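Enquirer: Pasting in a structure now, in structure tokens, and then I'll have a few things to ask.
The values are calculated or read from the model by the stated rules, or taken from the named source; none is laboratory data. Every value quoted in this text rests on a predicted model; they were computed, and no experiment measured them. Cβ atoms come from the backbone with ideal geometry, glycine included; neighbour counts cover every protein chain shown. Note: areas computed on protein heavy atoms with side chains; ligands, DNA, RNA excluded. Shrake-Rupley method; radii C 1.70, N 1.55, O 1.52, S 1.80 Å.
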Amino acid sequence: VDFMQILPSPPLAHIVKHFLIIENDQISNIGLRLFSDGNTGMVFNFGNLLLHLKNDGSITEFLPATFVYGQLDTYQNIISTGNIKLLIVVFHPFGISALLKIPAVDLKNRILDLETFYTSETQNLAEQILNLSNLNSKIRLVESFLIAKLSENHRDNQLPFQAVSLIHR
């Protein structure tokens, strides 16, 4: 499995920690793990379906092609059903809350379809990303989407970001 981290552009650095690319064309049934590291994420899956497993090993569900996850109390296991092609936006702890305009606690321990938040735009965005062959172009497209959503938000409350910055220092 190939992993690559790419830093965000400066306008997103306060909410996006990095972009994570995970790819594997050869083997199915590979286990991936979402860790309880305090970060949140937005996932674009362009490979085969992913299975979300309960921590006791039983299958919970197939994950949607695009989804967001909140802060986790414990790790979450995910199994590939074929090739893996993931573009993941890894947010700082309060980053996705600012983007989605909801309290972070409402996403805690949850994995939700991105269409829950952006009904009309999710399918179009995923198709546009899929049709781009260059990785940098894909990331620029996602960044443009995120910047547009942030500008619609006009959130003035910087307190969560300042608190996280203080904790990191």
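Enquirer: If the requirement is being more than 20 Å from Tyr75 (Cα to Cα) and surrounded by 13 or more Cβ atoms within 10 Å (Cβ to Cβ), which of these qualifies: Ile15, Ile22?
Expert: The conditions single out Ile15.
Enquirer: Pull up segment 115-169, narrow it to residues that are basic (Lys, Arg) and open to solvent by 40 Å² or more (accessible area, probe 1.4 Å), then point me to the one that is modelled with the highest pLDDT.
Expert: Going through the qualifying residues, I end up with Arg140.
Enquirer: What are the residues in segment 65-78 that are within 23 Å of Ile129 (Cα to Cα) and in a strand (DSSP E or B), if any?
Expert: Within segment 65-78, Thr66, Phe67, Val68, Tyr69, Ile78 qualify.
Enquirer: Filter segment 101-114 down to the residues that are among the β-branched types (Val, Ile, Thr) and either open to solvent by 60 Å² or more (accessible area, probe 1.4 Å) or touching a Pro at 6+ places or on another chain (Cβ under 9 Å) (or both) and list them by number.
Expert: Val105, Ile111, listed by residue number.
Enquirer: Could you check segment 28-64 and list, in sequence order, the residues that are β-branched (Val, Ile, Thr) and assigned to a strand (DSSP E or B)?
Expert: Across segment 28-64, the qualifying residues are Thr40, Val43, Ile59, Thr60.
Enquirer: If the requirement is being modelled with pLDDT of 90 or more, of a type in the set (A, V, I, L, M) and open to solvent by 50 Å² or more (accessible area, probe 1.4 Å), which of these qualifies: Leu63, Leu86, Leu49?
Expert: On inspection, the qualifying residue turns out to be Leu49.
Enquirer: Hey, another quick one. Kindly indicate which of Thr74, Thr40, Thr66 is more than 13 Å from the chain's Cα centre (by Cα) and polar (S, T, N, Q).
Expert: Unique residue meeting the criteria: Thr74.
Enquirer: May I ask you to list pairs of residues, at least six apart or on different chains, whose Cβ atoms are under 8 Å apart, with the first in segment 24-46 being in contact (Cβ under 8 Å) with a residue 24 or more places away in the chain and within 12 Å of Tyr69 (Cβ to Cβ) and the second being open to solvent by 90 Å² or more (accessible area, probe 1.4 Å) and part of a loop (DSSP other than H, G, I, E, B)?
Expert: Ser36/Asp73
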